[in-house]
Amino acid sequence: MITGAEAIVRCLENEGVEIIFGYPGATIAPLYDKLSKSNIRHILVRHEQHAGHEASGYARIKKRPGVCMTTSGPGATNLITALATAYMDSVPLVAITGQVSSDLLGRDVFQEADITGAAEPFTKYSYLVKDAEDLPRVIKEAFHIAATGRPGPVLIDIPVNVQQQRIDFSYAGEVNLRGYKPTIKGHTGQIKRVCKAINSAEQPLICVGGGIFAADGQAELKRFADTLNIPVVSTMMGISALPSAHPLFMGMLGMHGKTIANQAITDSDLLIIIGARVSDRAVLFPAHVGKNTKIVHIDIDPAEIGKNLSTLIPVVGDAKEILIQILEAEPIRKSEGWTDSLKAKKEKLVLDYGPRETGINPKAFVNQLSRSLPDDHIYCADVGQNQIWSAANCEVRTGRFLTSGGMGTMGYSIPAAIGAKIADPDKTVVAVCGDGSFQMQMMELATISQHGVGIKIVVMKNNKLGLVKEIQKKSYKNNECAVDLTGSPDIVAIAKAYGIPGRRIDNMDEAEEAIAEMLSCQCVYLLECVVDENESSM
Amino acid sequence: MKHVLSALVNNSPGVTSRVSGLFRRRGYNIDSFIGSSTEDERFSRLTIVVRGDDVVIAQVRSQMEKLEDVIHIEDIKPEAMISKVLLFMKVKADINDRVGIIVVASACNAKVIEMSKDYLIFEALDTEERISEMIEIFKPYGIIELVKTGVVAMKR
C-alpha cells in the first residue's frame, strides 16, 4: 500500500517527467513531501502564474508536456492566466493543483476554489480526483490528452485527503478514451483535391501557424515550399517555421505584419493554411480574402477549419503527415512568375534601421541582437510594442521564436525563457520585454538567481505602455491616459539587487559592444535599452 | 432521499449553466435536470431531481435562491405532486419474440411506435419508478438503445 501522493510521483516518473515548476501550500503538502524524495527536479517560482508560463516555455522546446503544480485556492486561481495562455497557443501542459479535503468540497472552507469550474473554458480537459485509486489512470490520460491531437493544458485537481489515501498501486494500462480519437493521417481524397488545386494555381501561397511546431513539421514545410517553389507567410505563432532569411519567406501577415505578406494573401489564387487559426489579428478582413482565392486549410482540429475563413478544401490531420502525403502525390507547379515577383518585392523592402535622436532604434536593435546570437538561439518576445518590433525585425535562423500569440499575455517572456533554457541548457535564450511587461514578471529574477538559469534579458524602456499609447493616439484623439509608467524602478539596480549583472544603453553606438558583453557573460544578464516614447511599433 | 425541486428562473442565456455549475461546484448529485419554456416567455421552469439528506437539500435551496436569476423555488413533496417520465426504448425483437414482447409492453402501458424486422421501438409515459421497472423487465429481451427524459413534475 502506498499513499496517493506517492502514486502521483511514481506516475509522473513513469511519464518521464524530469522537472516541475511550482509553488507549495497546505493542500499540496503531501505531494511535495513525496516529491522531495524523487529524482524529479522542482523549480520554485515566485508567483504561480509563472509556474504555468515556465512549464509552457519548457514544453515548447522539449516537445512534451510541461508540468506545473500549485496549492488550492489562490494558488490555483493564479494559474488561470497561464492555462489560458497555453490553451490559446495550443501548448501541452499538465497542471496539478491541491484541493481541500473532498468531504469539505462545496463548503467554502479556507483556500477552497472551484478550479476545475473556473478553468473550464481554458483547459483542454480537467479532472477532480475523488478517489486515489483513479490517480494512475487520470495521470496517464492527462498526459495523453495534453500531448496528442491539438495540444493543450490539462488540469488535475487533487484533494489533500486523496493525496493521503492509501491504495494498492499499479500503473494504468493503455489509454482508451471513447470520445477522443484525433485524426492524424489526411484523407486521401482531400490530398488529391489539394494536389489538383496546386496544379492549377497560378499564384499559390502558404500561410503557416503555430500548428507546424506542434506537429514538429518544420523540415517538411521547408521541403514542401522548396520543392513546389511556393512563397510562405506566417502568423505570429508561425514565426521561425522557416528561417527569416529564407528566400521564399515573405514575413508575418496581419495587423502588425508586413505589407508584402498581406498583399500576397489578397493576390493569391490558392491559399494553403497550415496549422493556423487565422484570427482577427492575422487576417484583418476575412471577407476580402476568398473572392478569387481558393482556400486549403490543414489543421488537426476540425473545429478550426471554416471558423474564421470559408474553406474550399479542408484537410484534417497532423500537419507533418499531411505535407508528406501531399509531396508523395507529386503535385506540379507550372507558373513561377508569381514567386519571382514576390521575391523581387522582398528584395526592395526598405528597413527603418536609421539612428534616432533619443534612445536606441528598437527595430535595428532587435535585428542586430538576433544576428549576434548563435543560429539556434531561442528568442522569447513579450507583449506590447516590443513584440511587434521583435516579430518584424528579429532574424530567426534554426532556433525558435516564442511569444504569447493568442492571448497576448504580458509577462510571458522571462518565465517562458526560463522554461526554454531549462529544457535545453546548451541554447542561448533571450527574453525581450518592455518596462511594462518587465514589471509583471520581475519577481522571477529570484527564480533565475536561485536556480542559476543563464538567460539573457533585454528590457526596452520608454516609461510608457507604448502599444496602448499608440491606440490612444490613433483612435482616441491622442487622449493619453493610464499609460505613464512614472514610478518604475531603476531596472539595472533591481537586477543588481537580485545578483544579476546588467547595464543600460541609450544609443545605438553602444549596442554592438553591449550585446557582446551580454553574450560573453556565462550567466544571466540584463540589458536595459532606452527607447523614445514616441517610437511607433510599425 | 430524493427531492424534486421546481424552480422558476429568468429565461436568459447562461442560466442553466449557472444552476448546473452550482450543483457541480458544491458536489450535489443530480438525478435529472430539465429546463423548458413556460406560458410566460420571460421565464423558464427547471425541474431538478436531487439526492441528499435534509441538511444538504436545505443548502441546495438556499444556494439556488441566492442566484440572481432564480425567481422562485419549491421542493415538491411526493404526496402533493404529479410527475412523469417519457421513455423511448429500442428492443431486439425477431419474428419469434415479437408477439410476446408486444403483450408484455401493453401490460406495461407502453405503445409500439415503430417496428422493423429486427426490433421494436416503444414509447411509455409513466412515473419514474414504473419506468425503471419496465426497463428491468425488458433487459432480458435485449435493449439496443434507450432514451428517457428526466422527471417533469407539478404541484397538485
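No value in this document is a laboratory result; all are computed from the given coordinates. From a predicted model like this one, the values you see are computed outputs, not experimental measurements. In this analysis, Cβ positions are derived from the backbone assuming ideal geometry, glycine residues included, and neighbour counts consider all displayed protein chains.
Summary of computed values
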{"quantity": "Cα pair distances of region A:329-460 binned at 5 Å [whole percent]", "calculated": "2, 10, 18, 18, 16, 12, 8, 7, 5, 2, 2, 0"}
{"quantity": "Relative pair counts by distance (%), Cα atoms of region A:188-347, 10 Å bins", "calculated": "12, 47, 38, 3"}
{"quantity": "DSSP bridge pairs, the protein assembly as shown: antiparallel proportion in percent, nearest 5", "calculated": "45"}
{"quantity": "Two-site FRET efficiency, A:Glu330 against B:Asp97, from Cβ-Cβ distance with R₀ of 56 Å, rounded to 0.05", "calculated": "0.45"}
{"quantity": "Estimated vicinal HN-Hα couplings, Hz - region A:158-169 in sequence order (Karplus 6.51, -1.76, 1.60; Gly, Pro = x)", "calculated": "10, x, 4, 6, 6, 5, 8, 4, 8, 9, 7, 8"}
{"quantity": "Per-residue ³J(HN,Hα) for region B:92-105, Karplus 6.51 cos²θ - 1.76 cosθ + 1.60, θ = phi - 60°, Hz, x for Gly and Pro", "calculated": "4, 7, 8, 4, 6, 8, 3, 4, x, 5, 5, 5, 4, 4"}
{"quantity": "Surface/4 estimate of mean projected area, convex hull on alpha-carbon atoms of the protein assembly as shown, nm²", "calculated": "37.6"}
{"quantity": "Mean residue ellipticity (222 nm) of chain B, computed from DSSP H runs ≥ 4 via -39,500 (n - 2.57), nearest 500", "calculated": "-9000 deg cm²/dmol"}
{"quantity": "For chain B: rounded, prolate or oblate by the Cα gyration tensor [a/c cutoff 1.5]", "calculated": "prolate"}
{"quantity": "When region B:84-155 is reduced to its Cα atoms, the Kirkwood hydrodynamic radius in Å", "calculated": "12.2"}
{"quantity": "In sequence order, calculated HN-Hα J values of region B:26-41 (Karplus, 6.51, -1.76, 1.60; Hz; x Gly/Pro)", "calculated": "9, x, 7, 8, 9, 7, 8, 8, 10, x, 8, 6, 10, 5, 10, 5"}
{"quantity": "222 nm mean residue ellipticity, helices alone, for chain A (DSSP H n ≥ 4; -39,500 (n - 2.57); rounded to 500)", "calculated": "-10000 deg cm²/dmol"}
{"quantity": "Cα pair distances in region A:129-205, grouped into 10 Å bins until the bin that holds the longest one, percent each", "calculated": "15, 30, 21, 14, 11, 8, 2"}
{"quantity": "Interchain or long-range residues, amide H under 5 Å from A:Val208's placed H", "calculated": "A:Val233, A:Ser234, A:Thr235, A:Ile274"}
{"quantity": "For region A:1-96: rounded, prolate or oblate by the Cα gyration tensor [a/c cutoff 1.5]", "calculated": "oblate"}
{"quantity": "Which of A:His144, A:Ala241, A:Ile378, positive extreme of dipole for chain A (C-beta unit charges)", "calculated": "A:Ala241"}
{"quantity": "Protection-proxy order for peptides A:378-385, B:71-78, each taking the mean of Cβ atoms within 10 Å per residue, highest first", "calculated": "A:378-385, B:71-78"}
{"quantity": "Relative intensity, log₁₀ I(q)/I(0), of region A:95-135 from a Debye sum that treats every alpha carbon as a point, q = 0.23, 0.30 Å⁻¹", "calculated": "-0.87, -1.20"}
{"quantity": "For A:Lys294, residues with placed amide H under 5 Å, excluding near neighbours", "calculated": "A:Leu270, A:Leu271"}
{"quantity": "10 Å Cβ neighbours from other chains, averaged over peptide B:24-33", "calculated": "3"}
{"quantity": "Whole-Å distance, taken between Cα centres, linking region A:429-473 and region B:120-147", "calculated": "64"}
{"quantity": "Overall dimensions of region A:161-217 by Cα: Rg and Dmax, Å", "calculated": "21.9, 67"}
{"quantity": "Ranked packing of B:83-94, A:410-421, A:450-461, most packed first, by mean Cβ within 10 Å", "calculated": "A:410-421, A:450-461, B:83-94"}
{"quantity": "Within 10 Å of each Cβ in A:104-117, the average number of Cβ atoms from other chains", "calculated": "2"}
{"quantity": "Dimensions (Å) - region B:2-76, Cα atoms, principal axes, largest first", "calculated": "34, 23, 18"}
{"quantity": "Spherically averaged projected area of region A:362-530 from its Cα convex hull (nm²)", "calculated": "9.5"}
{"quantity": "Under-5 Å amide H pairs with A:Ile96, H placed in peptide plane, nonlocal only", "calculated": "A:Cys68, A:Met69, A:Thr70, A:Ile156"}
{"quantity": "Highest-first arrangement of B:102-114, A:147-159, A:172-184, where packing means the average Cβ count within 10 Å", "calculated": "A:147-159, B:102-114, A:172-184"}
{"quantity": "Shape of region A:24-174, Cα gyration tensor, a/c cut at 1.5", "calculated": "rounded"}
